[in-house]
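The numbers here are math on the coordinates, done by the rules we state, and not lab data. Computed from a predicted structure; not experimentally measured. FYI the Cβ positions are ideal-geometry reconstructions off the backbone, even for glycines, and counts take in every protein chain you see.
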Ligand SMILES: [Zn+2]
């Protein structure tokens, strides 16, 4: 069972991560970001209206104060981006996640247009790495007819993730609200049958890019670490769903966590490590990248 940031993985990560600073801007930055020879472009699929009941800890005086302080209604929602990322180096193009597609209606599915705006055709994407198989990350792999949208792409996912969403028992035990998530995950695996590569734990995705297991949100949830020379960027998947609410309160979990205690422990461990090491981080539900600093009992992105 992969455990995030075991001593072995910390040592392995440390070897990959010299402590010198990268060229990434010191202030929160909407990108694109350069990491050595890689360019990382955030593709915003849409804005999700996150309601406080989706982060139950935010249904509190502290939550209302944060929302109010950000100029939002104290009752919410907090608009949060849904991102995929285009990673390119020379003539090579990879995607990390693919957005919602048409699963969540007309307010989403902007990844395709964002990709086209970068001059990239779907058949030029050689690989799609999936942080996890939730529909807001994998739905965009499908056309409205549930066919593969990326004709040439290999799909790479953690073995535990593919197994969970393919498991009839897991589906039977899951909340009814999660049934559409199983439908989308299974449709994606079927549409890309024969070109799904299942990986286990830390794995090299391509030269300079590694999978970082971050379990809890889902069993095979992972981030991606991009390293080139002294430069690096960690794209941490869904470790944070709301920068506004969860950075100051890392113990506030989302209702979609498969294992909330594990998700919280992963978030705490990763924030602590990122703050200590000065790692630049980006995420699927953050509009900017930046570095993590401790701020009282919580953290902030700088
Ligand atoms: Zn998500």
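Structure above, values below:
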quantity: Choice from 287, 261, 153 showing the highest fluctuation, given a GNM over the chain with Cα pairs closer than 10 Å; calculated: 261
quantity: Two-site label geometry, residue 259 and residue 207: point separation in nm, points 7 Å out along Cα→Cβ; calculated: 3.6
quantity: Semi-axes of the equivalent ellipsoid for the stretch 209-288, Cα gyration tensor, largest first, Å; calculated: 20, 14, 11
quantity: Listed residues 45, 97, 257, most fluctuating in the chain (Gaussian network, C-alpha, under 10 Å); calculated: 257
quantity: Net lengthening on full extension, residue 168/residue 44 (0.36 nm per residue, minus Cα-Cα); calculated: 41.4 nm
quantity: Convex hull of Cα atoms in the stretch 50-193, direction-averaged projection (nm²); calculated: 10.5
quantity: Calculated [θ] (222 nm, deg cm²/dmol) that DSSP helices of n ≥ 4 give over the chain, each run adding -39,500 (n - 2.57); calculated: -7500 deg cm²/dmol
quantity: Approximate spin-label separation residue 152-residue 268, in nm, with each point projected 7 Å along Cα-to-Cβ; calculated: 4.7
quantity: Whole-Å semi-axes of the chain's equivalent ellipsoid (Cα gyration tensor); calculated: 26, 24, 20
